[in-house]
Amino acid sequence: MLQNIRVVLVNTSHPGNIGGAARAMKNMGLSRLVLVDPLDFPSHEADARASGASDILEGAQVVATLEDALVGCNLVLGTSARDRRIPWPLLDPRESGVMAVEHAGQGEEIALVFGREYAGLTNEELQRCHYHVHIPSNPDFSSLNLAAAVQVLSYEVRMAWLAAGGQASKVEKVEVASVRSGELATMDEMERFYEHLEKTLVDIAFLDPEKPKHLMARLRRLYGRSSVNRSEMSILRGILTETQKVARGEPHKRKDQ
């Protein structure tokens, strides 16, 4: 699906921006780069800024006109940094990502078009686009670096692609621990913990056993909804043990010493 989406850079003046755009594309799984009349390409600076995405630059198609770059495209989305006199269908980056993926999933060819660093796309070039995409940046400092703009739209394309495929957009952090330590504490282990906790709270005079005021019931509810695993239980029991030593005036050693 993503191979149906091409990134088109028009008349780019700085080769470093071409390299930065290639890196942004590769980060997000896009691979097709089309350059319309670049001022300086190929370039060592572009290779340096690509930082591992040199394959994107090597496979880049260089053409003379935007018309050439859009051959075969069914949907063209052009970035626009400012309001134009002629109203045009406007999308934000998220909407553009969803639309690009929907059409690419149907086998259509999609182009994401970016203009010159100093002036963007001309009105004539924008009129070749089905939709304009505006990145809602800070109006007091709205000019984005070209590679940064490519990164924003490429990211939204990837998020839409992940969602369309039912793939997770985040990876849960997994603790490096034994299988046993990752298991939830059993009910009997929890009961021993509650007994230990109650005794410790009495030792430090936080809990008056004559007037408990439902404290232990509230603590049971708190820990009960926390899904304490065995590794965490070991930590909690250790804290309670050291707390009791302090309460009794016994010597103890800090764990970080």
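No value in this document is a laboratory result; all are computed from the given coordinates. Just so you know, these numbers come straight off a predicted model, no measurement behind them. Heads up, the Cβs are rebuilt from the backbone with ideal geometry, glycines too, and the neighbour counts pull from every protein chain shown.
Helical runs (DSSP H, four residues minimum) scored at -39500 (n - 2.57) apiece and divided by the length of the chain put the mean residue ellipticity at 222 nm at -13500 deg cm²/dmol. A Cβ-based charge dipole, computed about the Cα centre of the chain with Lys and Arg at +1 and Asp and Glu at -1, lands at about 1200 debye. Computed from the Cβ-Cβ distance with R0 of 45 Å, the FRET efficiency linking residue 246 to residue 58 stands at 0.10. Longest stretch of the chain clear of exposed loop sites (trypsin sites (Lys or Arg not before Pro), DSSP loop, at most 10 other Cβ atoms within 10 Å, sites excluded): 86-169. Between residue 188 and residue 145, the modelled label-to-label distance comes to 6.1 nm, taking each label 7 Å out from Cα in the direction of the beta carbon.
Helices in the chain that qualify as membrane-span-like (whole DSSP H runs, Cα extent of at least 20 Å along the helix axis, mean Kyte-Doolittle hydropathy of 0.5 or higher) are 146-164.
Taking the charge dipole of the range 2-164 about its Cα centre, with +1 at Lys and Arg Cβ atoms and -1 at Asp and Glu Cβ atoms, the residue from 66, 38, 133 reaching farthest to the positive side is 133.
Summarising the amide proton neighbourhood of residue 62: residues at separation of 5 or more, or on other chains, whose placed amide H is nearer than 5 Å comprise 35. Taken over the chain, lysine pairs spaced eight or more positions apart, or on distinct chains, with alpha carbons under 28 Å apart number 12. Amide H contacts for residue 117 (H built 1.01 Å from N in the peptide plane; partners 5 or more residues away or on another chain; cut-off under 5 Å): 13.
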